[in-house]
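First the structure, in the form of structure tokens, and then the observations on it.
The values are calculated or read from the model by the stated rules, or taken from the named source; none is laboratory data. Predicted model only: the values in this text are computed from it and were never measured. Reconstructed Cβ throughout: ideal geometry from the backbone, glycine too, with neighbour counts over all protein chains shown. Ligands, DNA and RNA are excluded from the accessible area calculation, which covers all protein heavy atoms including side chains. Shrake-Rupley method; radii C 1.70, N 1.55, O 1.52, S 1.80 Å.
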Amino acid sequence: MTSIQAATYLIHFNEKGYTELASLIRTNNYSSLFILVDDNTFTDCYPRFIELLETDKKIEVIQIEAGEVHKNIETCVGVWNAMTELGADRKSLLITLGGGVITDLGGFVASTFKRGIDFVNIPTTLLSMVDASVGGKTGVDLGVLKNQIGLFANPELIVLDPEYLQTLSPREIRSGTAEIIKYGMTHDSHLFKEIKDNPKLNIVDLIHRSIEIKNEVVLEDPKEHGVRKALNWGHTIGHGIESYFLESAHKENLTHGEAIAIGIICEAYLSSKVLNFPSDKLKEAKKAIIAIYGKVAILDDDIPHIMELMKHDKKNIGGEINFVLLNDYSDFKINCTVDSQLIIDSIAYYNS
Ligand code: NAD
């Protein structure tokens, strides 16, 4: 599998990733290595990683609790304290080994510790392989508000080892698939068609193609002033739903991808009302997505809360909720605003 050149770093697949990691550690002569894991990646991924890591440097493991609810500044303080107590200095390297929570939080912790130390991402969920670990966005949630605190910072290297997916649950695989659907609808309808029509796809090919798409977009617009906003397709309503389910004691949490999948259906509906997104493609997308994710009940009483949370979306300007919508597959329009009633209707359409 060919390596992918990102802005300032490379994404290497399989064994090459570990060889390049060893070489990076030698070349930079890091003083010590810190490996950030969560409960699950410590059990399921760390044994493989430590077996494949070639180094004689001092290694410390820092473990945090798994889950989006821990992607916050309190957890960062815990990690910064642990690094300090364990003697981390400016020549230490932080290796993030986990899903999007670990790569987002770890990248943020590293790039703010002592004004910034190097970090390497080793994504272990499908979602973090195809999306979260690539592109330089790091950060944490503020309460339930998603990714409100953070900065752009690039890793030194990404090691992409699909073997880690062996222990990932089918639910988490589906979660990552939502981001691949996003790339398919916004940039490569062939990719969307493959997911829709052929459930037995080669996952490594899907990962490689998804990263290629994300990387091309990020290279063109690293700080999300323009075209990178397209990668928020489904995320404006999706993040509102994800946050609402996270804060509601009576709702079972959704995975990031499950929330985004609902957001994609709603935003496809908005696209058909505000732009020219064809109604047959709207129906097709809804059918394909519900076939993968099933349906989650979103009640009328939930909608005002979800809309309130959407007001905090980072894309908003001047208090208006800002969407990326589609004229057609691979033909998006950024900075769209829509009537509140249409947003309500879009959720009703999802429910219908
Ligand atoms: P996650 O990190 O919470 O991982 C999901 C679950 O899988 C966790 O319980 C984790 O412990 C477990 N897990 C991880 N790897 C495993 C493995 N190999 N085997 C068994 N269990 C494993 O969540 P995620 O879905 O990977 O990422 C979601 C996060 O990514 C969200 O916070 C989202 O905001 C963020 N995100 C960031 C970007 C970005 O550009 N930075 C893009 C998309 C999403």
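Please report the Cα spread of region 58-217 along all three principal axes, rounded to whole Å, starting with the longest.
The Cα atoms of region 58-217 stretch 52, 34, 29 Å along the principal axes, largest first.
Quick one: length gained pulling N81 to A348 fully straight, 0.36 nm per residue minus the C-alpha distance? Spell out each step's value before the answer.
Details: separation 267, 0.36 × 267 = 96.12 nm, distance 4.66 nm.
This chain segment gains 91.5 nm when fully extended.
Tell me, what is the FRET efficiency for E65 and N276 to the nearest 0.05, using R0 = 51 angstrom and their Cβ-Cβ distance as r? Walk me through the intermediate numbers first.
Details: r = 46 Å, r/R0 = 0.90.
So the FRET efficiency works out to roughly 0.65.
With the other protein chains left in place, how much accessible area per residue, in square angstrom, belongs to the chain at a 1.4 angstrom probe? Walk me through the numbers before you get to the answer.
Numbers: 14700 Å² over 352 residues.
With the other protein chains kept in place, the chain gives 42 Å² per residue.
Could you list the residues of region 324-352 with an amide nitrogen less than 20 Å from a label point located 7 Å from the Cα of N316 in the Cα-to-C-beta direction?
Residues passing the 20 Å test: 324-325, 334-348.
Could you grab the relative contact order for region 192-344? Cα pairs under 8 Å, six or more apart, rounded to a whole percent. List each step's numbers first, then the result.
On the way: 161 pairs, mean separation 35.6, N = 153.
Averaging sequence separation for qualifying contacts and normalising by length gives 23 percent for region 192-344.
Suppose the chain between I292 and D331 were pulled fully straight at 0.36 nm per residue; how much longer would it get relative to their current alpha carbon spacing?
Numbers: separation 39, 0.36 × 39 = 14.04 nm, distance 2.41 nm.
Extra length available between I292 and D331 comes to 11.6 nm.
Please state, to two decimals, what the Cα-based radius of gyration of region 231-352 comes to when divided by 2.2 N^0.38 Å (N = residues). Could you put the intermediate results ahead of the total?
Working: Rg = 13.3 Å, N = 122, 2.2 N^0.38 = 13.7 Å.
That works out to 0.97 for region 231-352.
What figure, in Å² to the nearest 10, do you get for the accessible area of H305 with a 1.4 Å probe and non-protein molecules left out?
90 Å²
Working with all protein chains in place, sort I290, I62, I149 by solvent-accessible area computed with a 1.4 Å probe, largest first.
Working: I290 45, I62 15, I149 65 Å².
Result, largest first: I149, I290, I62.
Using a 1.4 Å probe over the heavy atoms of the protein chains, calculate the carbon and sulfur portion of the accessible area of the chain as a whole percent.
Details: 7360 of 14700 Å².
Within the chain, the accessible surface is 50 percent carbon and sulfur.
Need one number: the % of Cα-Cα pairs in the chain sitting beyond the 37 Å mark. Could the numbers behind the result be given before it?
Working: 9981 of 61776 pairs.
The calculated P(r) of the chain puts 16 percent of pairs beyond 37 Å.
As an exercise, identify the GluC sites (Glu not before Pro) in region 1-109 lying in DSSP coil whose Cβ has no more than 15 other Cβ atoms within 10 Å. Mind showing how you got there, number by number?
Details: sites: E15, E20, E51, E54, E60, E65, E68, E74, E85; in loops: E54, E65.
When the GluC sites (Glu not before Pro) of region 1-109 are filtered for loop state and at most 15 Cβ neighbours within 10 Å, E54, E65 remain.
Under 20 Å from a label point 7 Å along Cα→Cβ of E51: give me every residue in region 19-42 with its amide N that close.
Hits in region 19-42 for E51 at 20 Å: 19-22, 35-42.
State to the nearest 20 debye the size of the charge dipole of the chain about its Cα centre, where the only charges are +1 on K and R beta carbons and -1 on D and E beta carbons.
On the way: 34 positive and 49 negative charges, 107 e Å.
Roughly 520 debye, rounded to the nearest 20.
How much length is gained on full extension from A249 to E74, taking 0.36 nm per residue of separation minus their Cα-Cα distance?
Numbers: separation 175, 0.36 × 175 = 63.00 nm, distance 2.07 nm.
This chain segment gains 60.9 nm when fully extended.
Loop-only check: which GluC sites (Glu not before Pro) in region 194-300 are DSSP coil with at most 16 other Cβ within 10 angstrom?
Details: sites: E194, E212, E216, E220, E224, E242, E247, E252, E258, E267, E284; in loops: E224, E252.
When the GluC sites (Glu not before Pro) of region 194-300 are filtered for loop state and at most 16 Cβ neighbours within 10 Å, E252 remain.
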